[in-house]
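The values are calculated or read from the model by the stated rules, or taken from the named source; none is laboratory data. Since the model is a prediction, treat every value here as computed from it, not as a measurement. Counting neighbours? That spans all protein chains shown, and the Cβs are built from the backbone with ideal geometry, glycine included. With ligands, DNA and RNA removed, areas are computed over all heavy atoms of the protein, side chains included. Shrake-Rupley method; radii C 1.70, N 1.55, O 1.52, S 1.80 Å.
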Amino acid sequence: MKPCEVNYWFGKRRSHADNMPQWAQDMMSEIKKTNAGITKYREETKTEIMRCKEEIEKGRKESKAEMEKWAKSVEDNTKAQFELLREEVRLISETTISLANEMEARKKEVDDTLNDQSDSITSMETKLKEMEKEMLKLRRRSEDLEARSRRNNIRIVGVREGAETGKKPPEFIAGLLKEKLGLSVTPTLDRAHRTLGARRDGAGAPPRAFVVRCHYYIEKEILKKAREMERTPEGRSGQIHIFPDYTQEVNNKRAAFKEARSLLRTCGGVRYGLRYPATLVITPEGGQTKTFESPKDAMEFIKKTLNPG
């Protein structure tokens, strides 16, 4: 029952209170006290609710103000940071443009330098080719001069080490050539000496060759006799062989045909020889003469055409 209803009920029936028993009156008194307490509690609760509402509203306003203040601070910081970032971007952009311009200028400078260097290199290559041609010409001339200086020279291989002991080498070689080649007169020799190197007295070691310079141009006759006799016994020393004294370059070129000449020796009826400085001439039996300056070409021709044994 609501308090207002209780008051109404008690007010309507006030006239009958005197007729109630004592316990009912006591109960009515307790109900009134309880109703008064409830009314007081309601008022206090209402007051407390109002106070809470005011505090909540105050807190809301304070929070809103704090949020607005924080939002403004964030906005200000964001603007400041954005301005700072924009300034940094501007500085980076300007620096990049400056570097790009510098690199472009440097690139142009490098391109110009490279063009100059390219022209210089082209000029140097042209001069180098001319120098190579000139060097080749000088080398050939030097080779020719050296070969001409050796025209009167011959090499004698197979003379026993020490055979010339006690004699002058030119006189010893002159007598040897006259005796072994059956010459009518003793050849006049300007010089004769062993090739450079240590003396070879060991068992099985080949003796050093003699390099001989003839005073007159008679080595053709000597070489012709040597070719006719091919090998000439020389007393106790075994065999001697006589060769032209070519330059080292010519010897290397002629030595390159060694394998081809070995194969030609097994081909019957084939005539061959080496022309100066290093040209292999091959004449098959009943065939046409072929000349080769390349050992490889000569080997292919021999294997395909002459059927070496």
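Within the same chain, aspartates and glutamates fewer than 8 places from Lys72 are excluded, and of the rest, those with a Cα less than 19 Å from its Cα are Glu62, Glu83.
Among the trypsin sites (Lys or Arg not before Pro) in the stretch 236-309, which ones are in a DSSP loop with at most 14 other Cβ atoms within 10 Å of the Cβ? Mind listing them? Filter output for the stretch 236-309: Arg265. Structure remark: mean-square fluctuation, Gaussian network model of the chain, C-alpha springs under 10 Å; the largest value among Arg106, Arg42, Arg139 belongs to Arg42. Asn115 sits among other residues whose Cβ lies under 14 Å from its own Cβ, and their net charge, with Lys and Arg +1 and Asp and Glu -1, is -3.
Among the listed values (i) 197, 53, 53; (ii) 68, 51, 35; (iii) 51, 43, 37, the one computed from these coordinates for Cα extents along the principal axes in Å is (i). For the set Cys52, Cys267, the ranking by accessible area, highest first and with no ligand, DNA or RNA atoms included, is Cys52, Cys267 under a 1.4 Å probe. Net charge in the neighbourhood of Thr279 (other residues with Cβ under 11 Å of its Cβ; Lys, Arg +1, Asp, Glu -1) is +3. The stretch between Asp144 and Trp70 holds 16.3 nm of extra length on full extension. This uses 0.36 nm per residue minus the Cα-Cα distance. Mean residue ellipticity at 222 nm, helices only, the chain: -21000 deg cm²/dmol; runs of at least 4 DSSP H residues each add -39,500 (n - 2.57), and the sum is divided by the number of residues. Here r is the Cβ-Cβ distance between Gln22 and Lys61 and R0 is 45 Å; the resulting FRET efficiency, rounded to 0.05, is 0.20. When the alpha carbon gyration tensor of the stretch 247-308 is reduced to an equivalent ellipsoid, the three semi-axes, largest first, read 20, 11, 10 Å. Bridgeable aspartates and glutamates around Lys253 (alpha carbons under 20 Å apart, same-chain partners fewer than 8 residues away excluded): Glu143, Asp144, Glu146, Asp245, Glu293, Asp297, Glu300. Measuring r between the beta carbons of Lys296 and Gln248 and using R0 = 22 Å, the FRET efficiency lands at 0.50.
Computed over protein heavy atoms with a 1.4 angstrom probe, the accessible surface ordering of Tyr246, Tyr41, Tyr217, Tyr276, largest first, is Tyr41, Tyr276, Tyr217, Tyr246.
Ignoring lysines fewer than eight residues from Lys224 along the same chain, the ones with Cα atoms less than 22 angstrom from its Cα are Lys178, Lys180, Lys258. Scanning the chain for GluC sites (Glu not before Pro) lying in DSSP loops with no more than 15 further Cβ atoms inside 10 Å, the longest uninterrupted stretch between such sites is 1-229.
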